[in-house]
Amino acid sequence: SNSRVAAVVGPAGSQEVIASAPIMRRAGLVMISGSATRTALTIGPQRLTNFLRVVPNDGVQGPTIARYLRQSLNARRVMVVDDQTAYGQPLANAIAANLRAGGVTVDRESANTADVSDFSALVSRVGNDTQFVVLAWQLAAKANIFAQQAREQGKAARIFGTDGLYQPAEFRVNGSYVAAFAPDIRNVASSRALVAGFNRRYGTNWGTFGPPAYLATQAALTAVRNACRDGRATRAEVNLWIRRTNITPSILGGSLRFDPRGDVRAAKFYIFNIRNGQYVTVG
């Protein structure tokens, strides 16, 4: 109802996008997220016509994780667990399907991470020959509990977290793997000056969610500036300009350009291994 609002940056999670998109669409507002990855937000009969994202979708994440497990980690038996959310369930299904298609034995499970903190029954179902447990979860604290209870039961399987667990300040289970929809921009040459300035002002305790949110905001503000060339920026003009975004280089490396659905062109996921509490890029 506030006519001064020209665009929306966010929401962060796929479930929040699903809930708010119809309201924003009725108001003519375009939404651009830095972290909502559910594939159906941009692809398929239920796709959202007023939504864009600066990160790849789970149609990229699922195969990336499955391929890394098969080819780089030589996984033969994997348990895949979702968190019973609009984020975790389709992503876990995609990972499991890709693993099975590659000849990997998959045990498929589900856990209510919002209301449960005792995962001992779930842990007990992890087979002795299970090499990895993929957690398509969003709550790092619950993943830590799962890891602790797995150790208590003597389970040797290592955790492979989806991008929802990429939280270096919270999830630090050594030996685990985590996927992320963006690189560590500390290693992106074009972002070094930005990183140095941010660290001086705000500190170094930040992870992979901040940079894409920064980029989404940059895209929205650039669209508003372009729309203002005729003296005013309507929501329709901002929607048009944001789809013409071409930020080169972006702080994530490469260019930020959108396809007609609102997905990033040539987007990819990254794989990190946790070593002594540090996230190390491995793929």
Original post:
For the stretch 26-61, what are the residues that are at pLDDT below 95 and in contact with a Leu (Cβ under 6 Å, 6 or more places away or on another chain)?
Top reply: 58
Original post:
Can you name every residue in the stretch 1-54 that is within 15 Å of residue 261 (Cβ to Cβ), touching a residue at least 40 places away in the same chain (Cβ under 8 Å) and open to solvent by 70 Å² or more (accessible area, probe 1.4 Å)?
Top reply: 47
Original post:
Residues of the stretch 106-122 being over 25 Å from the mean Cα position of the chain (by Cα) and either of a type in the set (Ser, Thr, Tyr) or surrounded by 15 or more Cβ atoms within 10 Å (Cβ to Cβ) (or both), which ones?
Top reply: 120
Subject >> Residue ID - nearest to residue 54 (Cα to Cα), chosen from residues in the stretch 264-280 that are open to solvent by 70 Å² or more (accessible area, probe 1.4 Å) and within 17 Å of the chain's Cα centre (by Cα) >> reply: 265
Original post:
Taking the stretch 244-263 as the search range and keeping residues that are modelled with pLDDT under 95 and on the phi > 0 side of the Ramachandran plot, which one is most open to solvent (accessible area, probe 1.4 Å)?
Top reply: 254
Original post:
All but one of (1) buried (at least 18 other Cβ atoms within 10 Å of the Cβ); (2) in contact with a helix residue (DSSP H, G or I) (Cβ under 7 Å, 6 or more places away or on another chain); (3) in contact (Cβ under 8 Å) with a residue 24 or more places away in the chain hold for residue 241; which doesn't?
Top reply: (3)
**OP:** Could you tell me whether any residue of the stretch 148-156 is within 26 Å of residue 10 (Cα to Cα) and open to solvent by 30 Å² or more (accessible area, probe 1.4 Å)?
**Re:** no
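The values are calculated or read from the model by the stated rules, or taken from the named source; none is laboratory data. Since the structure is predicted, the reported quantities are computational estimates derived from the model, not experimental observations. Counting neighbours? That spans all protein chains shown, and the Cβs are built from the backbone with ideal geometry, glycine included. Accessible surface is based on the protein model in full, side chains and every heavy atom, while ligands, DNA and RNA are left aside. Shrake-Rupley method; radii C 1.70, N 1.55, O 1.52, S 1.80 Å.
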